[in-house]
Amino acid sequence: MNGAQILIECLKREGAEVIFGYPGGSVLPLFDKLYDAGIKFILTRHEQGAAHAADGYARATGKVGVCLATSGPGATNLTTGIANAYMDSIPIIAITGQVKTFLIGNDAFQEADVTGVTRPITKHNYLVKDIKELAVIIREAFKIASTGRPGPVLIDIPVDVQQQDIEFIWPQEVKIRGYNPTYFGHPGQIKKAAKLISKAKKPIIYAGGGVISSNAHRELKDFVEKNQIPVTMTLMGLGGFAGTHPLSLGMLGMHGTAYANHAIMDSDLIIAVGARFDDRVTGKLDAFAPHAKIIHIDIDPSSISKNVKVDVPIVGDAKNILRTLSEEIARTPDTQDWLKIVESWKKKHPLSYDNEGKVKPQYVIEQIYEITKGEAIITTEVGQNQMWAAQWYRYLHPRTFISSGGLGTMGFGFPAAIGAKVGCPESIVFDIAGDGSIQMNIQELATCVCNKINVKVAILNNGYLGMVRQWQELFYKKRYSHTCLYNPDFVKLAESYGAIGIRVTKKEEVRPAIEKAIAIDNTVFIDFHIEPEENVYPMVPAGEAINRMIGGMA
Ligand SMILES: Cc1ncc(C[n+]2csc(CCOP(=O)(O)OP(=O)(O)O)c2C)c(N)n1
Ligand SMILES: [Mg+2]
């Protein structure tokens, strides 16, 4: 086999079902073999789209996503997508072509130092210099991407390596020196944690994306119900615990619910599960949860005590640890009084909006929730649209909310929706989009239509880079510096690609438009003309303590 065939054979054996990618000179041998290799290939219209689609596929399915690009500009176009997957710990394999080995370092045509460029945004990367290493590297890459704290791995393969012939040997085992993720928590630490939990009067669980990546949602639910502890989730954690559960406090942080933020600030014990105390969650660090002891369960030891000092660290897999920890708790904590307080906050200070006047974005999302009964996969762009999607749709299952958390990448949601739909063809997939963000990967309309990937895009069209405008309104004296958009006609634009466009300008059109979009067997853009200056509340101003919210509770 030549290198190209070995790559394809290894991908198949690793269980890859689909590759999202884009061709070019340095991957020609590979594309020649892809012509009749019997592996699904989806041609995106930009390499960034391919990386986000692989990421969306991975988030929706729990499998490793694969994307592919040529050397130089193809590879650099992947980088935003790779960084995005890195920040959110998503397992993807990015394959790039590279100039011939003897040309590397010569400023050859379309040469870029891709392993250099991606070193800080990959969990690991490889430049394959010798065909003999290829199969082993691919196996290692899949193992590294999908185990421990997951993340992207890049494999850079020079053209001549793709062309060389060698006898194919499938490496039965992969052992990577120095790479040994811990899965089971330290028994002593688990005992300590169990004691703290038994004694706690005001405990809270702070659940992050790690709950989803370790498939710990059932264990979390059992743990919560047995110990009667309220749960708040990060943006990445939404869906890890049902948003409709009586013990759910929804999202916390900058645009979290008032009751979640007050509960964590007032708590005496925080049980952090697969979360990393991001600055959007903690707000002002020295004011964060002053009375609380902290138990931190995480598979990545380097994320423990990185931002806040932790009392009981437990390194390992959330699923295993929640199970053992639950067994270890001899006496469940007495949380009745605490739950009453939290419940009263919940009743008094729910998320709210004024539904008068123009179409409200919150109303649109509530209707999408009601019509899909919480069973759709929702992806988002970045900005107000993303925060409203986090607040107003109730996520019932893991892997149904797909959003760019760490990097905050505008242009993520649409290609991610494509990846999610390819991975979960039976699900209804909605991208909740902003009018600014959707234009960052609008070219993927062609990918949808050509491949009959039936996704729905709900554009919350406010005519603004809304989230930036909101900050300018609140903190820069309404000086709307370069945040007003001049938009294309999104209906015509969708139609020009062969998709369907629906425009909504009145409240009473919202439900029928969503129902119609779902019924149509094609990609649909719904252009919701919403109240232009609607804001996302509550809001914690940057650098403030998270219980000091605008539009929250006093
Ligand atoms: C690639 C990228 N560039 C810039 C930003 C900064 N940014 C964050 S939100 C936002 C506005 C997004 O506008 P739109 O998509 O219309 O969403 P809205 O907030 O109006 O819902 C911008 C520019 C970003 N997050 N990502
Ligand atoms: Mg906008």
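The values are calculated or read from the model by the stated rules, or taken from the named source; none is laboratory data. What you see is a predicted model, and the numbers here were worked out from it, not measured in a lab. Cβ coordinates were reconstructed from backbone atoms using ideal geometry, including for glycine residues, and neighbour counts include every protein chain displayed. SASA here: full protein model, heavy atoms, side chains in, ligands and nucleic acids out. Shrake-Rupley method; radii C 1.70, N 1.55, O 1.52, S 1.80 Å.
Where residues in region 451-468 are touching a Pro at 6+ places or on another chain (Cβ under 7 Å) and not in a strand (DSSP E or B), which of them is surrounded by the most Cβ atoms within 10 Å (Cβ to Cβ)? Walk me through how you get there before you give the answer.
Step one: of region 451-468, the residues touching a Pro at 6+ places or on another chain (Cβ under 7 Å) are 460, 462-464.
From the residues that got through so far, the ones that are not in a strand (DSSP E or B) too are 462-463.
Numbers: Asn462: 25, Gly463: 17.
Only one residue fits best here, namely Asn462.
Which ones in region 213-232 are free of Cβ contacts under 8 Å to residues at least 60 places away in the same chain and surrounded by 17 or more Cβ atoms within 10 Å (Cβ to Cβ)?
Pass one, region 213-232, residues free of Cβ contacts under 8 Å to residues at least 60 places away in the same chain: 218, 221, 224-225, 231-232.
Answer for region 213-232, where residues must be free of Cβ contacts under 8 Å to residues at least 60 places away in the same chain and surrounded by 17 or more Cβ atoms within 10 Å (Cβ to Cβ): Lys221, Val224, Val231, Thr232.
How many of the residues making up region 10-33 are within 29 Å of the chain's Cα centre (by Cα) and outside any strand (DSSP E or B)?
12
If Ile377 passes every condition in (1) within 16 Å of ligand 2 (Cβ to nearest atom); (2) more than 20 Å from Val536 (Cβ to Cβ); (3) of a type in the set (Val, Ile, Thr) but one, which one does it miss?
Here Ile377 clears every test but (1).
Specify which of the listed residues (Tyr486, Tyr476) is surrounded by fewer than 21 Cβ atoms within 10 Å (Cβ to Cβ), within 16 Å of ligand 1 (Cβ to nearest atom), of a type in the set (Ser, Thr, Tyr) and at pLDDT below 95. Talk me through it step by step, then tell me what you get.
On the way: Tyr476 fails: at pLDDT below 95.
Of the residues listed, the single one that is surrounded by fewer than 21 Cβ atoms within 10 Å (Cβ to Cβ), within 16 Å of ligand 1 (Cβ to nearest atom), of a type in the set (Ser, Thr, Tyr) and at pLDDT below 95 is Tyr486.
Can you pull out the strands (runs of 3 or more DSSP E) entirely within region 193-294 that have at least 2 residues that are polar (S, T, N, Q)?
Working: elements: 203-207, 231-233, 248-251, 269-273.
In region 193-294, there are no strands (runs of 3 or more DSSP E) which contain 2 or more residues that are polar (S, T, N, Q).
Every residue, every condition in (1) touching a helix residue (DSSP H, G or I) at 6+ places or on another chain (Cβ under 6 Å); (2) of a type in the set (Lys, Arg); (3) modelled with pLDDT under 95; (4) assigned to a strand (DSSP E or B), yes or no:
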position	(1), (2), (3), (4)
Leu325	yes, no, no, no
Ala330	no, no, yes, no
Lys340	no, yes, no, no
Leu351	yes, no, no, no
Asn355	yes, no, no, no
Gln367	yes, no, no, no
Met387	no, no, no, no
Leu407	yes, no, no, no
Gly411	yes, no, no, no
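Restricting attention to region 363-414, and to residues there that are of a type in the set (S, T, N, Q) and surrounded by fewer than 21 Cβ atoms within 10 Å (Cβ to Cβ), which single residue is nearest to Val455 (Cα to Cα)? Break it down into steps so the answer makes sense when it comes.
Filtering region 363-414 for residues of a type in the set (S, T, N, Q) gives 367, 372, 379-380, 384-386, 391, 400, 403-404, 409.
Filter once more, keeping what is surrounded by fewer than 21 Cβ atoms within 10 Å (Cβ to Cβ): 367, 372.
Numbers: Gln367: 17, Thr372: 14 Å.
The qualifying residue nearest to Val455 (Cα to Cα) is Thr372.
How many of the residues in region 464-494 are away from ligand 2 (no atom under 13 Å from the Cβ) and among the β-branched types (Val, Ile, Thr)?
1
Please list, ordered by first then second residue, the pairs with beta carbon atoms under 8 Å, 6 or more apart or interchain, first in region 456-482 and within 20 Å of Met549 (Cβ to Cβ), second of a type in the set (Lys, Arg).
Gln472/Lys478; Gln472/Arg479
Return yes or no: is Asn441 open to solvent by 10 Å² or more (accessible area, probe 1.4 Å), more than 10 Å from ligand 2 (Cβ to nearest atom), under 16 Å from Thr379 (Cα atoms) and touching a residue at least 12 places away in the same chain (Cβ under 8 Å)? It would help to see each step written out before you state the result.
Working: open to solvent by 10 Å² or more (accessible area, probe 1.4 Å): no; more than 10 Å from ligand 2 (Cβ to nearest atom): yes; under 16 Å from Thr379 (Cα atoms): yes; touching a residue at least 12 places away in the same chain (Cβ under 8 Å): yes.
No.
May I ask you to list the residues in region 178-192 that are small (Gly, Ala, Ser) and in a helix (DSSP H, G or I)?
Answer for region 178-192, where residues must be small (Gly, Ala, Ser) and in a helix (DSSP H, G or I): just Gly188.
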